[in-house]
Ligand code: 3HC
């Protein structure tokens, strides 16, 4: 029998925010027809910058950096969970995991398409990832050691991703904001399936429960680190927030994530591995122990547990996929010449 899933406290309000951002995007699209406005005025009025609008070079470069890094993260992020597709415990779990990993590929594609609207080609973006010129999220450089890791990734990693990404549905660059609406709706489902999977394990045998707790112990701090360095050390936050690409700082989002996870962990009956985690009445937030930011920087620079493995796999997959790219380019060229023949006939 299906185990009923208790509410994922906090997640519902995040989904509500995505829907509000979607409505605001539609309204912004209508307002954009009112006439041309300068970049600063569009930003000040909380409207959207669109691909053909004038924009400062640094705004364009900053967006390419962030959107590309985000797209690469989705693509590399398929690896740790893909590791468990062939070993999922039931057919149902396998189908869910397959769909989820496939969703991540789709997210990568929406994001690459959004980056391309800024004048960078897909091939340039692929090469930037493959040569290590552009980064991807630190979190995907950790190993998935047990089946419970799939649940912990869904709950914590996808949970952190939606806390970070829901505000991006309101970012100032139209194509990025629009891509994020669909990404966040799907991430919300990913988080729920992970939470449900972990809930089942936590209610299971002592061994299953211990496996779930071990996974949470290993993924908690890397998930906190996903939000980036502390605000005082963040290179891009000030400018990015002034241009309304980022809406909240790294530390603000990290705190929001902690506050959301504590009640969820209580429902799961699992312990977050932080002895100093406690409610602070004065601040109206949970106090918590920060992740090891030196470790974050080491992982970002290529020295995490799985960086080399992830990049080797990606390079191999890219080389193996050459025939698919060639075949689809040949097909597209053939279709185009057929269309031309029809027009000139
Ligand atoms: N992993 C890798 N690099 C990171 C990082 C992390 N967790 N956190 C920060 N960095 C890097 C930044 O890219 C920057 O390096 P750069 O100048 O060489 O590009 C440097 O550390 C300093 O950090 P900043 O705070 O100045 O950087 P940002 O202002 O860009 O903030 C961010 C970092 C919060 C990750 C922001 O870029 C962002 O919100 N990006 C969009 C979301 C994203 O990319 N998420 C990745 C996860 S995707 C995912 O989780 C998929 C899902 O399916 C699970």
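The values are calculated or read from the model by the stated rules, or taken from the named source; none is laboratory data. In this text, all values refer to a predicted model and were calculated from it rather than measured experimentally. Counting neighbours? That spans all protein chains shown, and the Cβs are built from the backbone with ideal geometry, glycine included.
Some notes on this structure:
Residues checked against (1) within 20 Å of residue 262 (Cβ to Cβ); (2) in contact with a strand residue (DSSP E or B) (Cβ under 8 Å, 6 or more places away or on another chain); (3) at pLDDT below 95; (4) assigned to a helix (DSSP H, G or I):
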site	(1), (2), (3), (4)
115	no, no, no, yes
134	no, no, no, no
164	yes, no, no, yes
169	no, no, no, yes
189	no, no, yes, yes
201	yes, no, no, yes
208	no, no, no, yes
211	no, no, no, yes
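- The stretch 136-162 - residue that is over 16 Å from the mean Cα position of the chain (by Cα) and either assigned to a loop (DSSP other than H, G, I, E, B) or at pLDDT below 95 (or both) and, of those, nearest to the ligand (Cβ to nearest atom): 144
- Any chance residue 323 is within 16 Å of the ligand (Cβ to nearest atom), at pLDDT 95 or above, part of a helix (DSSP H, G or I) and farther than 24 Å from residue 172 by Cβ: no
- Of the criteria (1) in contact with a helix residue (DSSP H, G or I) (Cβ under 8 Å, 6 or more places away or on another chain); (2) in contact (Cβ under 8 Å) with a residue 60 or more places away in the chain; (3) within 16 Å of the ligand (Cβ to nearest atom); (4) more than 28 Å from residue 21 (Cβ to Cβ), which one residue 82 fails: (2)
- For beta carbons closer than 6 Å, sequence separation of 6+ or different chains, a first residue in the stretch 207-232 that is on the phi > 0 side of the Ramachandran plot and a second that is within 16 Å of the ligand (Cβ to nearest atom) and not in a loop (DSSP other than H, G, I, E, B), the qualifying pairs are 228/250.
- Cβ-Cβ contacts under 9 Å between residues 6 or more apart (or on different chains), taken from a first residue in the stretch 42-62 that is on the phi > 0 side of the Ramachandran plot to a second residue that is part of a helix (DSSP H, G or I) and surrounded by 14 or more Cβ atoms within 10 Å (Cβ to Cβ), are listed as 46/24; 46/28; 46/170.
- Residue match in the stretch 95-105 (condition: more than 12 Å from the ligand (Cβ to nearest atom), touching a residue at least 24 places away in the same chain (Cβ under 8 Å), out of contact with any strand residue (DSSP E or B) (no Cβ under 9 Å at 6 or more places or on another chain) and part of a helix (DSSP H, G or I)): yes
- Of the helices (runs of 4 or more DSSP H) lying entirely inside the stretch 1-94, those containing at least 1 residues that are modelled with pLDDT under 90, within 26 Å of the chain's Cα centre (by Cα) and over 19 Å from residue 245 (Cα atoms) are 11-31.
- First in the stretch 130-141 and within 13 Å of residue 314 (Cβ to Cβ), second anywhere and within 8 Å of the ligand (Cβ to nearest atom) and in a loop (DSSP other than H, G, I, E, B), Cβ under 8 Å, 6 or more apart: 136/77; 140/77
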